[in-house]
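Q: Structure in structure tokens, see below.
The values are calculated or read from the model by the stated rules, or taken from the named source; none is laboratory data. None of these values were measured; they are calculated from a predicted model. Note that each Cβ is placed from the backbone with ideal geometry, even for glycine, and that neighbours are counted across all protein chains shown. Accessible surface is based on the protein model in full, side chains and every heavy atom, while ligands, DNA and RNA are left aside. Shrake-Rupley method; radii C 1.70, N 1.55, O 1.52, S 1.80 Å.
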Amino acid sequence: FFCTAFQARSNGLPGALEDAPRALGLPIRKDTRGKELIRLLCVPEGTTEGDKRTYFDTGDFNKDPSLLAEMYEYCERDVATERGLVDYMRPLTDLEWEEYRVNEAVNDRGIKVDVDLCRAAQQYAEDEATAINAAVRSLIGIDKARSPKIAKWVQANIDFELPLTDTGNPSLDKAVMADLLEADRPLIVREVVEYRQLISSSSVAKFRTMLERADPEDHRVRGSFIAAGAPTSGRFSAR
């Protein structure tokens, strides 16, 4: 199996077919019309409202002859672009291809996820957030520690101006909170900022992602690693 994207990344180039030829200044480029053609021809017909798409009962695809002809030309151009790109790049060594094959073996086998731990971590974070919000509510009467009202409350209870966000509101980013905790502030301000800091660091997004990507049958996540995913160093990266 020959992966042009891996060859490009191993040569310090972008892995995407639309970017690598541009980086090399090649005359042939990927057709940017492709994404629109795929949307028009490769998705069953239906209607979209907001983020929800409803497909028609027939599940038919668009068979417009002119669009299909355009799609064939797009596919041919993709192949020509990829071939041209390969000709301009340094061929890879056997060792580099062996690294790629090992990476794909890991991707096929998958990485075992402790789904019980992931669910427990999510529940723990939810319980912690409930406790933190209750503590903030009892201290200053604001329901949620993540509320923008917290920054405004802090601003009203200190004697200097907080930096502003892009929307013009007082900022409580990590650096600002660290500053507030290091200096001599009123105890209640320190407590509120500590609660805000705690709830800001209690992200469980990674656990949620692992649960979403784990195979429901064997709890393994597959296809996670990209060989030479960081082109400048050649190291592996994760999706």
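Q: Could you check the spin-label model distance between residue 122 and residue 88? Points 7 Å from the Cα along Cα→Cβ, value in nm.
A: In this crude spin-label approximation the distance works out to 4.5 nm.
Q: Measure nothing but the geometry: give the 0 to 90° angle between the long axis through the Cα atoms of 115-140 and the longest principal axis through the Cα atoms of the chain, rounded to 10°.
A: Here the helix axis deviates by roughly 40 degrees.
Q: Hey, for a label at residue 101 modelled as a point 7 Å past Cα toward Cβ, could you say which residues of region 1-41 have their backbone N under 12 Å away?
A: 1-2
Q: Can I ask one more? Starting from a Cα-only point model with no solvent, please compute log10 I(q)/I(0) by Debye for the chain at q = 0.11, 0.16, 0.18 1/Å.
A: Once normalised to I(0) and log-transformed, intensities are -0.95, -1.10, -1.19.
Q: Hey, got the Cα dimensions of region 56-113 along the principal axes, in Å, largest first?
A: Principal-axis extents of the Cα atoms in region 56-113, largest first: 47, 40, 11 Å.
Q: Which distance in nm do the two modelled labels at residue 138 and residue 69 give, with both placed 7 Å along the Cα-to-Cβ direction?
A: Using points 7 Å along Cα→Cβ, the separation is 7.5 nm.
Q: Suppose all protein chains stay in the model; what accessible area per residue would a 1.4 Å probe give for the chain, in Å²?
A: 65
Q: Per the 1.4 Å probe, what fraction of the accessible area of the chain, in percent, lies on carbon and sulfur atoms?
A: Ligands and nucleic acids excluded, carbon and sulfur reach 53 percent.
Q: Non-local amide H neighbours of residue 228 (under 5 Å, H modeled in plane, Pro and chain starts lacking H): which ones?
A: Here the answer is 236, 237, since their amide H atoms fall under 5 Å of that of residue 228.
Q: Using a simple spin-label model with points 7 Å from Cα along the Cα→Cβ vector, what separation in nm is obtained for residue 79 and residue 115?
A: With each label placed 7 Å out from Cα toward Cβ, I get 4.1 nm.
Q: Then there is this: With every protein chain present, what accessible area does residue 42 have (1.4 Å probe, heavy atoms only), rounded to the nearest 10 Å²?
A: 70
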